[in-house]
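A quick write-up on the structure given underneath.
Each reported figure results from applying straightforward, stated rules to the coordinates on display, with no laboratory input. Computed from a predicted structure; not experimentally measured. A quick note on method: Cβ atoms are made from the backbone with ideal geometry, for glycine too, and the neighbour counts reach across all protein chains shown.
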Amino acid sequence: MGIEITVNIALLCFCIFSFFYAGVGVTPPAIPGTLSASAWPRVILAGLIVALFFNIRACRASRSAPDAKSEIAIAEFFPPKFVKSALLLIAYSIVLNYLGFITSTVIFFALFSYIIGLRKISSLIAGSVVATIVIYVVFQIFLQVMLPRGVWIFRDFAIWLEILAL
Amino acid sequence: MSIYELMMAGAAVVFTPKVLLFICIGNIMGVIFGALPGISASMAVALMIPFTLTLDPVGSIAFLSAVYCSAVTGGGIPAILFKIPGTPSSAVTTFDGYPLACRGKAGKALLLILVSSAFGGLVSALGMLLVSRQLSEIGLRFGPSELFAVAFLGLSVLTSMDEDKMLKTVISGLLGLFLATMAMDPVEGVPRLTFGSTYLLGGIPMIPAMVGMFAVSEVLKQVARPTEIKIDGTPSLKDSPMHVSFAEWWSLKWTMIRCSILGTLVGILPGAGATIASFLGYGMEIKLSKHPEEFGNGSLTGLCASETSNNAATGGAMVPLLSLGIPGGNAAAVMVAALMLQGVQVGPLLLKSQPSYLSSVFLSMAVTNVLMVVIAVVVAKMFVKLMKIPYYFLGPLIILFAAVGSYAAQNNITDILVTMLAGMAGYFMIEFRYSPAALTLGLVLGDICENNLRRAVMITRGDVLAVFARPITAGLMTVCVIFLLLPVIKKFLRSRRGV
């Protein structure tokens, strides 16, 4: 089964589940004559279920058509570089809370540049440090955005930097 | 007071060295803040409030309106160069701006958005000056049912955004509307489709979702299948070989006029604003264009429509603020707060007791919209230089700006995760020809549609038919149905003819 049809079927199942789940915990409207909290989502979901059903049919029809192009292979759709980058993005958004902005960004930047193709160690280090400093100065110092500090020694380091910047 | 006297009173405030200097500073800061992802126009205005303490109230509002106008324009710069909407109202600018940048026409696109923005801003400022009171009275006639119809009019563009992939675009739009319902119910106050998550109680945040869909997905696409982005150098009116020709400007004249009027009217409506104005303007031009297939592929008309409409909304937003003391949007609300800090009582009597507010805001906006072109070109040149950075640095830099920009809106780390997940979803959608733009449209308009529909039904005590029986609503809904069905009928007829 192709990736697109699989995703569409998964989405269809989720929509059908959500159609019923939308009413869970929703009490009838307190004011008579008002729409309940589940009414609008259910209208949208009903439309989405019908549209997905027709889309799955259209996908199946286009796959079985004589002039159909070959299905995109999973390896082609998710090349190794993409998989590594996607995992790195997820990891970055999770570790930010623990390592703080400075440490996690230096590591993230260097690793992302490496995945894209930069191999020179000095450029990796210089690029990641400069980019982190630029973003830190713009957002933390000029715009007063409180960037994540992290925990433990990373937190102490972030606070030390903030005092230094003052 | 005659117009001449009014203008003289405004000129006496605005054309003083101090206020002019502040307007220049406001312009520079506004364009820079607008160009930084995550800093919305209202946030830019809020950040500039401390500066107003050294100005008198009339000077303050003139300064803040300069920041507001230039921030909305500044948002278009990264939208073209990096596909990152600097402000939510620039999301539509990415549709045609980025494809132009990829084709080596970044300078042309930048020049076009600056002049279009200036035109939209000037027309709306003029509208604000001349018909402020009348326009706000029309705007106030719009109740929840009319506002629902206006938002629905924005959604009616779904079937014509990509006529070849109509079903996929509709699915994307419906998905956006569905995602917008995952939050605490605004009327009953009960969690709805949040699956036990406390984060979802506040709804899926718009800025992270938009930034992820447009910026992160593009970096992931570049990582998976690198393509070269050509740069034509810095945008310049004189030297750039890619400047916009007179014939091209001439062909855009009606787009500019139509979108300026539409943007001003949308700006007046409470709760609507620059974002909705840009979507509506873009949708209107698709409907009116003889070549709708060009939209989304670097259409100059699409780019012009988006930027003219969103900047025209800035003047519109000032109308209810000045004439009735009602803030039409977030930025206007921040301006009210700034005036209240100075002890000014904002309300319907403001313009009667001090008419110079209206003319000074007009003159400030006029000066801003002219100055902005020059200042934004300088800022854009700085941003263009960023594009010469090798992609192994530029890619992660874009991700970083996207992540910190998303985080800055609410200081919530989970927003960064949402940005990354939206980026991956956006990548999938682009690969399989779904429409991230339609999803964003649904996400933006979903909340407005639902809230206004439910309020309207509440007013009519459950009589849904009565909601649509109001003349303006009925008219707008008829237009919506025509807009929604016309492409479907056209496609059906074409396929029959083909058979």
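State, in angstrom, two size descriptors of chain A derived from its alpha carbons: Rg to one decimal place and Dmax to the nearest whole number.
In Å, with Rg to one decimal and Dmax whole: 24.5, 69.
Decide, for region B:440-489, between rounded, prolate and oblate: order the square roots of the alpha carbon gyration tensor eigenvalues as a ≥ b ≥ c, take rounded if a/c falls under 1.5, and otherwise choose prolate if a/b is larger than b/c, else oblate.
Oblate, since a/c reaches 1.5 and b/c is not below a/b.
Return the sequence-ordered ³J(HN,Hα) values of region A:135-152 in whole Hz as given by the Karplus equation 6.51 cos²θ - 1.76 cosθ + 1.60 applied to θ = phi - 60°, using x for Gly and Pro.
So the Karplus estimates, Gly and Pro as x, are 5, 4, 5, 5, 7, 6, 8, 6, 9, 6, 7, 6, 6, x, 8, x, 10, 6 Hz.
Please work out whether region B:105-228 counts as rounded, prolate or oblate from its C-alpha gyration tensor, where a ≥ b ≥ c are the square roots of the eigenvalues and a/c under 1.5 means rounded, while otherwise a/b larger than b/c means prolate and anything else oblate?
Values: a/c = 1.91, a/b = 1.08, b/c = 1.76.
In terms of gyration-tensor shape, oblate.
Shape of chain B from its Cα gyration tensor (a ≥ b ≥ c, root eigenvalues): rounded if a/c is under 1.5, otherwise prolate when a/b > b/c, or oblate? Before the final figure, lay out each step's value.
Details: a/c = 1.41, a/b = 1.14, b/c = 1.24.
Since a/c stays below 1.5, the shape of chain B is classed as rounded.
Sequence gap at least 6, Cα distance under 8 Å: using those rules, report the relative contact order of region B:3-498 to the nearest whole percent.
Working: 979 pairs, mean separation 144.4, N = 496.
Normalised by residue count, the contact order of region B:3-498 is 29 percent.
Highest GNM mean-square fluctuation, chain A, Cα pairs closer than 10 Å: which of A:F109, A:F139, A:F78?
A:F139
For B:R192, what residues show an amide H to amide H distance below 5 Å, using hydrogens built from the backbone and excluding near sequence neighbours?
Under 5 Å from the amide H of B:R192 lie the amide H atoms of B:A183, B:M184, B:D185, each far enough along the sequence or on another chain.
At what distance in nm do the modelled label points of A:L87 and B:E293 sit from each other, each positioned 7 Å from its Cα along Cα→Cβ?
Label-label distance for A:L87 and B:E293, simple model: 4.3 nm.
Which whole-Hz couplings ³J(HN,Hα) result when phi for each residue of region B:280-293 is put into the Karplus expression 6.51 cos²θ - 1.76 cosθ + 1.60, θ = phi - 60°, listed in order with x for Gly and Pro?
5, x, 5, x, 4, 5, 4, 5, 8, 6, 7, 10, x, 5
Are there chymotrypsin sites (Phe, Trp or Tyr not before Pro) in region A:5-67 that DSSP marks as loop and that have at most 16 other Cβ atoms within 10 Å, and which are they? Numbers along the way, then the final one.
Working: sites: A:F14, A:F17, A:F19, A:F20, A:Y21, A:F53, A:F54; in loops: none.
Answer by residue number: there is no such site.
Report Rg(Cα)/(2.2 N^0.38 Å) for region B:11-90, keeping two decimals.
On the way: Rg = 12.9 Å, N = 80, 2.2 N^0.38 = 11.6 Å.
Against the compact-globule rule of thumb, the ratio is 1.11.
What is the dipole size for region B:3-498, taken about its Cα centre, with +1 at each Lys and Arg Cβ and -1 at each Asp and Glu Cβ, in debye to the nearest 20?
Numbers: 32 positive and 24 negative charges, 173 e Å.
With only Lys, Arg, Asp and Glu charged at Cβ, the dipole is about 840 debye.
With loop defined by DSSP as not H, G, I, E or B, and exposure as at most 11 other Cβ atoms within 10 Å, which is the longest segment of chain B clear of exposed trypsin sites (Lys or Arg not before Pro)?
Working: sites that count: B:R141, B:K238, B:K290, B:K388, B:R461.
Longest gap between qualifying sites, sites excluded: B:1-140.
Given a cut-off of 23 Å, what percent of all Cα-Cα pairs of region B:405-499 lie beyond it?
Details: 2444 of 4465 pairs.
Counting every Cα pair in region B:405-499, those more than 23 Å apart make up 55 percent.
Using a 10 Å cut-off on Cβ to Cβ distances, tally the other chain neighbours for every residue of B:453-464 and report the average as a whole number. Before the final figure, lay out each step's value.
Values: counts 4, 7, 2, 1, 5, 6, 2, 1, 4, 6, 1, 1.
Shielding by partners across B:453-464 averages 3.
With a cut-off of at most 13 other beta carbons within 10 Å, and DSSP calling the residue loop, which chymotrypsin sites (Phe, Trp or Tyr not before Pro) in region B:1-109 qualify? Please list them. Spell out each step's value before the answer.
Numbers: sites: B:Y4, B:F15, B:F22, B:F33, B:F51, B:F63, B:Y68, B:F82, B:F95; in loops: B:F15, B:F82.
Loop-located and lightly packed - B:F15.
Quick one: dipole size for the protein assembly as shown, taken about the Cα centre, charges +1 on Lys/Arg Cβ and -1 on Asp/Glu Cβ, in debye to the nearest 20. Intermediate values should be presented prior to the final figure.
Numbers: 43 positive and 30 negative charges, 220 e Å.
Its charge dipole is roughly 1060 debye.
Toward the positive end of the charge dipole of chain B, about the Cα centre and with charges on Cβ (Lys, Arg +1; Asp, Glu -1), which of B:L300, B:M29, B:I204 goes farthest?
So the residue we want is B:L300.
Let me have the 222 nm mean residue ellipticity of the protein assembly as shown computed from DSSP H runs of 4+ only, each contributing -39500 (n - 2.57), with the sum over all residues rounded to the nearest 500.
On the way: 31 runs with 479 residues, N = 665.
Computed mean residue ellipticity for the protein assembly as shown: -23500 deg cm²/dmol.
Pop the C-beta distance of B:V131 and A:S64 into the FRET formula with R0 = 35 Å and round what comes out to the nearest 0.05. Don't jump to the answer; show the numbers that get you there.
On the way: r = 60 Å, r/R0 = 1.71.
Efficiency for this residue pair is about 0.05.
I'd like the mean, over residues of A:37-50, of how many other protein chain beta carbons sit within 10 Å of each residue's own Cβ. Could you put the intermediate results ahead of the total?
On the way: counts 13, 6, 4, 13, 10, 1, 5, 13, 5, 1, 6, 7, 1, 2.
Across the residues of A:37-50, the mean count of other-chain Cβ atoms within 10 Å is 6.
Could you work out the percent of alpha carbon pairs in region A:94-166 separated by over 16 Å, rounded to a whole number?
Details: 1318 of 2628 pairs.
Result: 50 percent of Cα pairs exceed 16 Å.
Place a point 7 Å from Cα of B:T198 in the direction of its Cβ. Which residues in region B:382-417 have their backbone N less than 12 Å from it?
The answer is none.
What is the calculated FRET efficiency for B:S245 to A:R155, with r their C-beta to C-beta distance and R₀ = 35 Å, to the nearest 0.05?
Details: r = 57 Å, r/R0 = 1.63.
Using R0 = 35 Å, I get an efficiency of 0.05.
For the protein assembly as shown, just run the numbers: alpha carbon Rg, then divide by 2.2 N^0.38 Å, N being how many residues it has. Could you put the intermediate results ahead of the total?
Details: Rg = 24.7 Å, N = 665, 2.2 N^0.38 = 26.0 Å.
My calculation over the Cα atoms of the protein assembly as shown gives 0.95.
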